[in-house]
Amino acid sequence: MKNYIDLANISDSVETRYAITVHYTNQRIIPTELALLKKKGDIYFDRNQNSALDIATPLAILHTSADGKWHYAIGEFSSGWVRDIDIAFAEKKEIANYISSENFIITTRAKNSLLIAGKYYDTMRMGIRLPYILTIDDMSMVLIPTRDEEGSLVLSNATIKTTHTHKGYLAYTPRNILTQAFEFL
């Protein structure tokens, strides 16, 4: 594992790169999909699972595994290894501009399906902020991060059910708190 993590190539000074998640993805303690379980057959708690990251989560990338398939990333709330295929690299300013769009929607359902060209692309959890473009019938068009063949950020149009979103942030009221809590039942 030490060779795979490529510890020998971590210098005293690390050049930070920036990326954004393009899928709902796992953040792992060590760079592998293998579960670390207390005992054989234990399926309840994977000790290698550090967190789960939603689409459009900005990350600071500090290191890459020897095979290039994993990156050690720091997010807003956690740090750990993410798969290369689940992120797109971009300049810090480009990511900042994307996530701070003034015209945005917030997902309001526990789970929300995201479509590209009418086909399922990914699932998002409640509270995801995405730049809003327009509404067509019962669907809202949003801008999502995707990646090209080289792993660079490409912003793509996607749709989500309008009834699963709110333009801007929800008002912080007791009614909205209860309504959102009941979405998880």
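Among the residues of region 80-92, the ones that are farther than 14 Å from LEU62 by Cα, in a helix (DSSP H, G or I) and of a type outside the set (Asp, Glu) come to 1 in all. Counting residues in region 66-81 that are over 28 Å from GLN180 (Cβ atoms), of a type outside the set (Gly, Ala, Ser) and at pLDDT below 95 gives one or more.
Condition first: among the hydroxyl-bearing types (Ser, Thr, Tyr), touching a residue at least 40 places away in the same chain (Cβ under 8 Å) and open to solvent by 40 Å² or more (accessible area, probe 1.4 Å). Now tell me which residues in region 98-122 satisfy that.
Of everything in region 98-122, just one residue is among the hydroxyl-bearing types (Ser, Thr, Tyr), touching a residue at least 40 places away in the same chain (Cβ under 8 Å) and open to solvent by 40 Å² or more (accessible area, probe 1.4 Å), namely SER113.
The single condition among (1) at pLDDT 95 or above; (2) outside any strand (DSSP E or B); (3) open to solvent by 70 Å² or more (accessible area, probe 1.4 Å); (4) not polar (S, T, N, Q) that ILE95 does not satisfy is (3). Considering only residues in region 132-145 that are part of a strand (DSSP E or B) and open to solvent by 20 Å² or more (accessible area, probe 1.4 Å), the one that is modelled with the lowest pLDDT turns out to be ILE136.
The values are calculated or read from the model by the stated rules, or taken from the named source; none is laboratory data. Everything numeric in this text was worked out from a predicted model, so none of it was measured. Please note: Cβ atoms are built from the backbone with ideal geometry, for glycine as well, and neighbour counts cover all protein chains shown. Ligands, DNA and RNA are stripped out before the accessible areas are found, and what is left, the full protein with its side chains, is counted by its heavy atoms. Shrake-Rupley method; radii C 1.70, N 1.55, O 1.52, S 1.80 Å.
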